[in-house]
């Protein structure tokens, strides 16, 4: 699965690609596929901390001023979505860019593992500020609902600030790391895409991924 994600990232052609990991078997799989793997401290509390540590190792001189954090559990993500997340940083006042897609079913709306975003897109607008993230269905009333896709484009200074912040109260309540940034007054912008890739969070999701990616093997 990690190699599928690695390949999608390389196909996006938005910059050098590396996998930050704390497991030797993941690093071996990445290197066997011709990728770059960076071993990070397994005690780090979050994926953002892992990205920061890997960035310090790979680019200590700060040649790159934006880094995209793509999780390894999105094997069906398309290169187009990775390019789209950079559109959210078009405003220089934005600290972090991310992606949203329309929620299209009651199951998606009601499932707590699908994170929702309160953001409002004006007609013809494809980027809007994130006002809040929640596992609950937000906002209230008629209108579109937005499924958050856990891909982030950080300005380098914003990532360094973010990982230095203490966990936020709402972050801990909702178990959503991005709320730490909002609580600290950082600006997150959402780029709208047409659909969300499925993530692999359970054994059933993994089986679905194997079938969808043509990697299914009969036991």
message: Using the basic label-point model (7 angstrom from Cα toward the beta carbon), what is the residue 64 to residue 41 distance in nanometres?
response: 2.2
task: Give the Rg (one decimal place) followed by the Dmax (whole number) of segment 1-72, computed from C-alpha coordinates and expressed in Å.
output: 11.6, 31
message: Using 0.36 nm times the number of residues separating residue 194 and residue 32, minus their current alpha carbon distance, what extension gain do you get?
response: 55.0 nm
field: Euclidean distance of C-alpha centroids, segment 82-137 and segment 16-70, integer Å
entry: 25
query: Points 7 angstrom from Cα along the Cβ direction at residue 87 and residue 142: gap in nanometres?
result: 2.7
- request: Considering only 176, 89, 145, give the residue with the highest GNM mean-square fluctuation for the chain, with springs between Cα atoms whenever their separation is below 10 Å.
  value: 176
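Roughly what % antiparallel, to the nearest 5, for the DSSP beta bridges in segment 2-202?
70
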statement: If R0 = 25 Å, then residue 187 and residue 7, at their Cβ-Cβ distance, give a FRET efficiency to the nearest 0.05 of 0.20
- line: A correct Stokes-Einstein calculation for segment 2-202, using the alpha-carbon Kirkwood radius, 25 °C and 0.890 mPa s, returns a whole-number D in µm² s⁻¹ of 141
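No lab work stands behind these numbers, since they all come straight from the coordinates. As the structure is a prediction and not an experimental result, all values here were calculated from the model. Every residue, glycine as well, gets a Cβ built from its backbone with ideal geometry; the counts of neighbours run over all protein chains shown.
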